[in-house]
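Here's the structure we're looking at; comments come further down.
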Amino acid sequence: MTEGTMHRPAQRAQRVQRFNRLLVGAAAVPALLVVAGCSSDSGSGSDSSDKGKTTASPSASASASPTVQAAAYAKLPEPCAVLSKKTLGELVPKGSKSAKEGKSGDTDNRSSCSWNSLDNNGVKGSQFRWLNVSLLRFDSDASRGEGDKLAQTYYEKQVKEAQTVTGAKGTKSEPVTGTGDEATAVRYDLKKKEGTFKQQTIVTRVENVVVTLDYNGAGLAGDKAPSADDLAKAAKSAAKEAVAAVAAANGDGGGSGGQASASPSKSASKSPSKSASPSKSASKSASASASPSKKS
């Protein structure tokens with residue numbers, strides 16, 4: 001056997017070894033790629049999780065929600081029961097049972113009641129009286145503010161409206177003490193076809209409730225006009241009574257409506273002879289004109 005023949009098996013063995021090494025190397029590449037891919041996915045998931053944690057950071061989610069103080073009064077009294085029978089008998093002597101409650105879809109927040117009286121004195125004429133009590137309650141609201149502040153804004157609006165009634169003559173305003181947190185009395189004359197009405201409006205705010213009391217009187221068919229001072233005194237006393245009823249309805253003392261300290265003047269009613277029968281048509285006509293309005 002020649003030397004070249006002896007080298008061939010050795011060369012083949014070397015080629016087989018190199019080939020096997022290549023196969024092993026080739027098999028290792030996919031395994032490395034798989035490992036690398038897993039590492040990459042794991043890193044990506046970690047980044048995504050970190051990003052999510054950054055977005056929902058405690059400082060970003062802990063935004064403080066605004067709060068306001070709760071309103072003092074949660075409801076209103078029955079509107080037709082805010083004044084005692086005694087008071088109604090003095091302010092509207094022929095109409096203490098004529099109570100007419102205003103329409104409201106939410107009596108805890110808005111209500112009203114009105115009464116009217118016509119005392120007929122025959123050929124000497126008649127005395128007409130009209131009384132209305134309106135109550136409006138404001139709740140505290142995070143977007144609008146505290147109930148008493150909202151009530152104060154409405155109170156000021158009501159006073160301004162009473163001071164600017166179309167056709168009013170001799171308008172006068174004055175503060176009223178001892179009635180709610182703040183109160184204003186507005187008085188004026190308003191001439192209608194039935195006669196000259198002496199109007200008294202008392203606007204009062206007690207906490208988050210505004211009470212507006214309208215009271216007017218007129219001498220009809222030739223009877224003498226009532227005293228504006230007497231009407232004003234009666235209206236102020238009735239307003240104080242209505243405010244006490246608001247407090248009592250919410251368990252805040254104040255007593256019943258009939259416990260107001262000042263009793264309305266009996267001269268405010270100027271009740272003529274009881275034997276005279278009131279005219280229903282005159283009462284209806286006067287009542288329609290009695291309500292104060294910006295439109296003449």
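Please treat every number below as a calculation from the coordinates, not as lab data. This one's a predicted model, so the numbers in the text were calculated from it and none came from an experiment. A quick note on method: Cβ atoms are made from the backbone with ideal geometry, for glycine too, and the neighbour counts reach across all protein chains shown.
Once the chain from A70 to T164 is taken as fully extended at 0.36 nm per residue, the excess over their C-alpha distance is 30.5 nm.
Local charge for Y188 was computed over the other residues whose Cβ lies under 10 Å away, with Lys and Arg +1 and Asp and Glu -1, and equals +3.
Which trypsin sites (Lys or Arg not before Pro) in segment 145-199 pass both tests, a DSSP loop state and at most 14 other beta-carbon atoms within 10 Å? Display every interim value, and only then the final one.
On the way: sites: K149, K157, K160, K169, K172, R187, K191, K192, K193, K198; in loops: K193.
Listed in order of number, the matching sites are K193.
Taking max minus min of the alpha-carbon positions on each principal axis, segment 172-238 gives extents of 43, 18, 18 Å, largest first.
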